[in-house]
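Rule-based calculations on the coordinates, nothing more; no lab input. Since the structure is predicted, the reported quantities are computational estimates derived from the model, not experimental observations. Cβ placement follows ideal geometry from the backbone for every residue including glycine, while neighbour counts extend to all protein chains displayed.
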Amino acid sequence: MALLRVVDRDGVEHEVEGRTGLKVMENLRELDYGVAAICGGMCSCATCHVYVDPEWKSRLPAMMSDERELLAELSHYQEGSRLSCQIEFTPELAGLRVRIAPDE
Ligand code: FES
């Protein structure tokens, strides 16, 4: 378990105990204010879209081309956008702060 900081769509910040070894998305979809993750992590739905705080951006695994291409199609794409199903929540990411992106 490790701290995961989540800002919901109303701008309220929550601190939760995230399970390491799972994807960030798998932690977020268990929350009432989390993500839908409709495709289950297949990198095809973008309903797990989050904005990662700038300070954490460089500590995350690099984007693969399929994630980059899907994000580029989103109307709410911006600096810090990531698909949370593509990020494993490792102990090194304890304290990670993400903001849930608006629905497309
Ligand atoms: S859960 Fe569908 S793209 Fe991440």
_Using Cα-Cα distances under 8 Å and only pairs 6 or more residues apart, what relative contact order does the chain have, in percent?_
41
*Could you run the Karplus curve 6.51 cos²θ - 1.76 cosθ + 1.60 with θ = phi - 60° over the stretch 64-71 and give me ³J(HN,Hα) per residue in whole Hz, x for Gly and Pro?*
8, 5, 5, 5, 4, 5, 5, 4
*Once the Cα gyration tensor of the stretch 2-100 is diagonalised, what are the square roots of 5 times its eigenvalues, in whole Å and ordered largest first, as equivalent ellipsoid semi-axes?*
18, 14, 13
*asked:* If you take every residue apart from Ala36 with its C-beta less than 13 Å away from the C-beta of Ala36, what net charge results, scoring Lys and Arg +1 and Asp and Glu -1?
replied: -3
_Expected 222 nm ellipticity per residue - DSSP helices of 4 or more, -39500 (n - 2.57), all of the chain, to 500_ = -3500 deg cm²/dmol
*Using unit Cβ charges (K, R positive; D, E negative) and no other charged atoms, how large, in debye to the nearest 20, is the dipole of the stretch 60-104 about its Cα centre?*
240
*Fewest to most neighbouring Cβ within 10 Å: what's the order for Arg99, Arg9?*
Arg9, Arg99
*Can you sort Ile38, Ile87 so the residue with the fewest Cβ neighbours within 10 Å comes first?*
Ile38, Ile87
*Gaussian network model of the chain, Cα springs within a sub-10 Å range: biggest mean-square fluctuation belongs to which of Met25, Met42, Met64?*
Met64
*Give me the distance in nm between label points sitting 7 Å out from Cα along the Cα-to-Cβ direction at Arg59 and Val16, one decimal.*
1.9
